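What follows is a single structure, written as structure tokens, with notes after it.
The values are calculated or read from the model by the stated rules, or taken from the named source; none is laboratory data. Only a predicted model underlies this, so the values are computations on that prediction, with no experimental measurement involved. So basically every Cβ, Gly included, is an ideal-geometry build from the backbone, and we count neighbours across all protein chains shown. Each accessible area value is taken on the protein alone, full model and side chains, heavy atoms only, with ligands, DNA and RNA left out. Shrake-Rupley method; radii C 1.70, N 1.55, O 1.52, S 1.80 Å.
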Amino acid sequence: MRKSNNSIRYESRAGSISVTLLTWFLGLLFFFPIFWIGLISVRQEVDAGTFPPKWTAPFTLGNYGEVFTAGAKNFLLNSVIASLLSTIIVLMLAYPAAYALSIKPIKKSKDVLAFFLSTKFLPPIAALLPLYLILQKIHLLDNIFALAVLYIAMNLPLSVWMLRSFLKEIPKDLVEAAELDGASTVKILYKVLAPISMPGIAATALICFIFTWNEFLLAINVTGFGAATAPVYLVGFVTAEGLFFAHLAAVSIVVSLPVVIAGWAAQDKLVRGLSLGAVK
Amino acid sequence: MSVLNHSKKENRKRRLPLYPALILTIILTQIPFVVTLIISTFHWNIMYPKETKFAWFENFKTVVMDDRMRAALKNSITLTFGVVFFSTALGLLLAILLDRKFHGRGIVRTLLITPFLITPVASALMWKHIMFNPMYGILDGFATQIYRLFGGEGVIAWDFVSQHPLVAIAVPMIWQWTPFMMLIILAGLQSQSPDILEAAAVDGANSKQIFIRMTFPHLRQYIQLAVVLGTIYIVQSMDFVFTITQGGPGTDSTIIPYQIYLTMFRKYEYGEAAAAGVIVIILTIILSNFALRLTQDLLESEK
């Protein structure tokens, strides 16, 4: 990847420094709300709502302790189950499919890809009522595994496209050589291709994880108290009254942290996942 | 080796790895669609189960004539357009700024993408309470400071969310989506061939000419892709409306997904909700056909 822009060479030194400062300023400005909730999450409630902030206010980790004692634990656990389970199954299904759409393409691979893409355009709100009614009928409302199945459907198209864009970069000779050696499709997939496409598989996994962890519409409507995920727990704060800023800040950070870490880790591949593999 | 010349057996073998993913996707995305279509033709309110009956297209008429739905459509268009426009403009600016070497470039990029990663409900709550709260929020706290700086007395307790509900929803959404736009446009900037740019510079083109004549046309398809994908994600999302205003005051900030949600789970008008869903699907199909044509080049180059 090219790192510098050629046009910059013609700028004066002072100009270059001020552009750098502007960039830094905008970066910090964008990050400021997060920095701010980080700050008040380690304050006591009485100090959390003051502006300008009292820099000398006592430091406390009590809010974080409270997140877990106040019962966020089950919600977080549900999020972990739904995200991990759906991500693993999505990869198991999407990886072979991506193979059949790239390295050994089937006849109508273009049509199949277009179909996968078109499902991504379907608004989830239009599918919500039937999904709710079907789950109700088969007694799987408020079931974390049922939610995971919905997440599989949500992430499959994206993962097929993304994995395919990684598999396309692998030289076909490698697969042909393995075929001449008499390797089966399964062996080619898991012994030959998997090790070299690991970065792509890992990036796809992280993207799926981000989307499922943050998902809200399905989670709030098809789960009750038993299977509700972390974003649903946050809804309790929508109409909160009184002193709760410090607690809310700590909860927000705990809920967001797994995704922020996953996103930072997948930074270089993030754009590829978000653009369904179209942009590298 | 051409795809078309395989034997039937070879083709079957090739299709095999595709089936599990394809079949599951068909079942989980097409069945709900068919069910929605069926429900949309019934009068069906679970509060009055005995009155359930076939209604032809009456639900569609009700939905189209419904003032709340109309308000929601108007707000959806305004909100989506506003968020996409401002996040794309900001994303373009930030991408250009990031496409140069400077100290701490990696850190600034990391700071800038973080808003996109924060759980949307958490980010909405943070803006609603910690930023916009009239008593303790930063916005009013900051305004009060400035006010006092100019000799004002007392505090400013401006209830931003009630007075400008759509803006109060749009600002956090722009904050969240700018990094997305920035990443795609930045990838576009970095995919330019440095040789060609250098050649243009050698031929005497200045940096402004290079940007207008070469970089911008090259970027156009990336901006289009960012706008198309951003629009699809943003128009479908109701996390911010649900959390910040619940569509209010009145119908001032309700949007289509939220209005359908209310029809479903507050009014229990299943038939109407399904009809609205069908209308949304039809609109989406039209919109995405148009969108796909715009972005075909980038997606096609993959094929």
Using modelled backbone amide H atoms (1.01 Å from N, in-plane), which distant-in-sequence or interchain residues come within less than 5 Å of B:Phe42's amide H? B:Ala55
What FRET efficiency comes out for the pair A:Phe35/B:Tyr268, r = Cβ-Cβ distance, R0 = 51 Å, nearest 0.05? 0.70
About the Cα centre of the protein assembly as shown, how large is the charge dipole given +1 on each Lys and Arg Cβ and -1 on each Asp and Glu Cβ? Please answer in debye to the nearest 20. 1640 debye
In whole Hz and in residue order, list the ³J(HN,Hα) couplings for the range A:82-94 that follow from phi through the Karplus curve 6.51 cos²θ - 1.76 cosθ + 1.60, θ = phi - 60°; x for Gly and Pro. 4, 5, 5, 4, 5, 5, 4, 5, 4, 5, 4, 8, 6
Phi angles of the range A:222-229, converted by Karplus (6.51 cos²θ - 1.76 cosθ + 1.60, θ = phi - 60°) into ³J(HN,Hα) in whole Hz with x for Gly and Pro, give 10, 10, x, 6, x, 10, 5, 9
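When the helix-only estimate is applied to the protein assembly as shown (DSSP H runs of n ≥ 4, each -39,500 (n - 2.57), divided by the residue count), what is the mean residue ellipticity at 222 nm, nearest 500 deg cm²/dmol?
The helix-only estimate for the protein assembly as shown comes to -22000 deg cm²/dmol at 222 nm.
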Could you tell me which of the pairs A:Lys187/B:Lys8; A:Lys187/A:Lys269; A:Lys104/B:Lys13; A:Lys110/A:Lys168; A:Lys191/B:Lys8; A:Lys108/A:Lys168 are separated by over 19 angstrom between their Cα atoms in the structure shown? A:Lys187/B:Lys8; A:Lys187/A:Lys269; A:Lys191/B:Lys8
Give me, ordered by chain and number, the residues 5 or more places off A:Asp142 or on other chains with an amide H under 5 Å from its own placed amide H. A:Thr223, A:Gly224
Rounded to the nearest 10 degrees, what's the angle between the helix A:198-214 long axis and the longest principal axis of chain A, both from Cα atoms, 0 to 90? 40 degrees
Who wins for biggest fluctuation among A:Ser79, A:Ser16, A:Ser102 in a Gaussian network model of chain A, springs between alpha carbons below 10 Å? A:Ser16
Kyte-Doolittle mean at least 0.0 and Cα extent at least 30 Å along the axis: which DSSP H helices of chain B qualify? B:67-98, B:165-190, B:270-300
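Quick one: putting +1 on the C-beta of Lys and Arg, -1 on the C-beta of Asp and Glu, what dipole do you get for chain B around its Cα centre, in Debye to the nearest 20? Intermediate values should be presented prior to the final figure.
On the way: 25 positive and 19 negative charges, 200 e Å.
I would put it at about 960 debye.
Rounded to the nearest 100 Å², what's the accessible area chains B and A bury against each other, both chains counted, probe 1.4 Å?
9900 Å²
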Between the range A:202-253 and the range B:159-180, how far is it from one alpha carbon centroid to the other, in angstrom? 19 Å
Positive-end extreme of charge dipole, chain B - chosen from B:Ile113, B:Ala71, B:Leu18 (charges on Cβ): B:Leu18
Quick one: if you stick a label point 7 Å off each Cα along the C-beta vector at B:Gln145 and A:Thr50, how many nm between them? 1.4 nm
Around B:Thr254, which amide H atoms from residues at least 5 apart in sequence, or from another chain, sit under 5 Å from its own amide H, with H modelled in the peptide plane? none
Once the dipole of the protein assembly as shown is set up from charges on Cβ (+1 Lys and Arg, -1 Asp and Glu), the residue from the list A:Thr50, A:Asn74, B:Ile27 lying farthest towards its positive end is B:Ile27
Determine the relative contact order of chain B: mean sequence separation of Cα pairs under 8 Å and six or more apart, normalised by residue count, in whole percent. 29 percent
Label-point gap, in nm, between B:Asp203 and A:Ile81 - each point 7 angstrom along Cα→Cβ: 6.4 nm
Going 7 Å from the Cα of A:Glu179 in the Cα-to-Cβ direction, what parts of the range B:9-38 have a backbone nitrogen less than 19 Å from that spot? B:9-19
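Kindly sort B:Arg109, B:Arg293, A:Arg43, B:Arg266 by accessible area of their heavy atoms, largest first, with the probe set to 1.4 Å.
These residues rank, largest area first, as B:Arg293, B:Arg266, B:Arg109, A:Arg43.
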For helix A:124-137, report the angle its Cα long axis makes with the longest principal axis of the Cα atoms of chain A; keep it between 0 and 90° and round to the nearest 10°. 90 degrees
Helix axis angle, A:109-121 relative to chain A longest principal axis, alpha carbon, degrees: 20 degrees
Around A:Leu158, with a cut-off of 12 angstrom between Cβ atoms, what is the net charge of the other residues, counting Lys and Arg +1 and Asp and Glu -1? +3
How charged is the neighbourhood of B:Ala273? Take every other residue with its Cβ under 12 Å from the Cβ of B:Ala273, and add Lys/Arg as +1 and Asp/Glu as -1. -1
Please give the Cα centre distance for the range A:141-169 versus the range B:90-105, rounded to the nearest Å. 32 Å
Restricting the range A:108-193 to GluC sites (Glu not before Pro) in coil, as DSSP defines it, with at most 12 other Cβ within 10 Å: A:Glu169
For the range B:235-277 and the range A:111-139, what is the separation of their Cα centres, given in Å? 18 Å
In whole percent, what relative contact order does chain A give with Cα contacts below 8 Å and a gap of six or more residues? 30 percent
Compare each residue of the range B:17-35 in its chain alone against the assembly with all protein chains, and report those whose accessible area goes down by 40 Å² or more; 1.4 Å probe, heavy atoms. B:Pro17, B:Leu18, B:Ala21, B:Leu22, B:Leu24, B:Thr25, B:Leu28, B:Thr29, B:Pro32
